[in-house]
Structure formats: C-alpha cells, structure tokens
Amino acid sequence: MWSFVPDVPMLRLYCELIYSLIVFPLAVLMFLNNYPENSKKSKVLLHHLRWIGYFSGTELLLVWTNRIEYGNGWSWYCSVLFDTMMFPMLRLHSRRPLTAYVCSVFIIIGLLLVFRVPLPQVSEAILPTRP
C-alpha cells in the first residue's frame with residue numbers, strides 16, 4: 001500500500017528492511033512495555049492516541065518530504081485509520097493472540113478487497129521475483 005523512498009534509489013530494499021526489522025518491532029515493544037496496566041480508561045486512551053499521533057505525525061513528515069509513496073488508493077488518512085486499528089490490535093495480540101489472529105484475517109481480507117490489491121502484487125511483495 002506504501003513504500004519508503006530512500007535518498008539513494010538502490011537502497012530502497014535496505015530502507016524497507018531497516019523499518020520492517022528494526023524500527024517497527026522496537027516501536028511495538030515500546031508501546032506494549034509502557035502500556036498503562038490497571039489504569040483508568042482515559043490513561044489507556046491517551047496512550048493509544050499518543051502512539052497513533054507518533055506514527056501519523058512521522059508519516060506525515062515523510063509525505064511532506066516525498067519519502068513515502070502510496071499505491072492502490074491508499075493515503076495518509078488511510079494510514080491514520082490503520083494506526084487507530086493497529087494499536088488496539090497489538091494490545092489484543094499481547095493478551096489474546098488467537099483472537100487477534102482471527103480478527104487479523106478478516107481485517108486483511110477487508111483491506112485487500114477495499115483497496116483492490118491484485119493477488120499477483122501481493123505474492124510479489126511476499127516473494128519478490130528476480131530480474
């Protein structure tokens with residue numbers, strides 16, 4: 001749905017790997033590690049809103065600097081909605097993984113249908129073909 005645009009075009013794969021293997025997993029760990037346990041709903045909501053703001057704000061900065069490209073009708077607004085769904089799902093996954101997996105299947109199918117992602121494009125994203 002989106003990809004990063006590095007300063008040096010040949011480094012696109014490395015840029016994607018750094019974000020996928022380092023930045024995003026560390027952000028998830030920080031989100032869950034600082035989760036307000038046994039707190040009021042307002043503290044939990046504030047925690048979620050803070051992280052949605054971090055991710056949305058960072059992505060908006062990437063949009064303004066042309067460091068991110070969108071495809072299949074995706075936009076920054078879609079990312080904000082996705083972040084709004086993603087953080088509660090991360091919490092659900094840490095508490096009830098099986099329930100989160102079942103929900104995720106429906107979410108993924110819904111996203112594929114709404115954004116009309118062609119299946120060959122999905123398979124190429126998972127298993128890129130060599131030139």
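Could you list all residues from segment 33-69 that are open to solvent by 80 Å² or more (accessible area, probe 1.4 Å) and more than 16 Å from residue 80 (Cα to Cα)?
33, 34, 37, 38, 40, 41, 43, 66, 67
(1) within 19 Å of the chain's Cα centre (by Cα); (2) more than 21 Å from residue 67 (Cα to Cα); (3) among the aliphatic types (A, V, I, L, M): which one isn't true of residue 44, the others all being true?
Residue 44 satisfies all of (1) within 19 Å of the chain's Cα centre (by Cα); (2) more than 21 Å from residue 67 (Cα to Cα); (3) among the aliphatic types (A, V, I, L, M) except (1).
Which of the residues that make up segment 102-128 are at pLDDT below 80 and of a type outside the set (Ser, Thr, Tyr)?
117, 118, 119, 120, 121, 122, 124, 125, 126, 127, 128
Exposed (fewer than 15 other Cβ atoms within 10 Å of the Cβ), out of contact with any Gly (no Cβ under 9 Å at 6 or more places or on another chain), closer than 19 Å to residue 94 by Cβ and modelled with pLDDT of 90 or more: is that true of residue 26 in this structure?
For residue 26, the condition - exposed (fewer than 15 other Cβ atoms within 10 Å of the Cβ), out of contact with any Gly (no Cβ under 9 Å at 6 or more places or on another chain), closer than 19 Å to residue 94 by Cβ and modelled with pLDDT of 90 or more - is met.
Taking the condition of being among the hydrophobic types (A, V, I, L, M, F, W, C) and either in contact with a His (Cβ under 6 Å, 6 or more places away or on another chain) or not in a helix (DSSP H, G or I) (or both), how many residues in segment 82-105 meet it?
Total satisfying the criteria: 2.
Could you count how many residues in segment 79-102 are open to solvent by 50 Å² or more (accessible area, probe 1.4 Å) and more than 16 Å from residue 45 (Cβ to Cβ)?
Matching residues across segment 79-102 total 11.
Within the group 20, 56, 39, 79, which residue is of a type in the set (S, T, N, Q), modelled with pLDDT under 90 and part of a helix (DSSP H, G or I)?
Of the residues listed, the single one that is of a type in the set (S, T, N, Q), modelled with pLDDT under 90 and part of a helix (DSSP H, G or I) is 20.
Could you count how many residues in segment 64-101 are among the small types (Gly, Ala, Ser) and over 14 Å from the mean Cα position of the chain (by Cα)?
Number satisfying all stated conditions: 4.
Of all residues in segment 1-17, which are loosely packed, with under 11 Cβ neighbours inside 10 Å and at pLDDT below 70?
8, 9, 10
The values are calculated or read from the model by the stated rules, or taken from the named source; none is laboratory data. Not measured: the values here are computed from a predicted model. Virtual Cβ from ideal backbone geometry, glycine too; neighbours counted across all protein chains shown. For accessibility, only protein heavy atoms count, side chains too; no ligands or nucleic acids. Shrake-Rupley method; radii C 1.70, N 1.55, O 1.52, S 1.80 Å.
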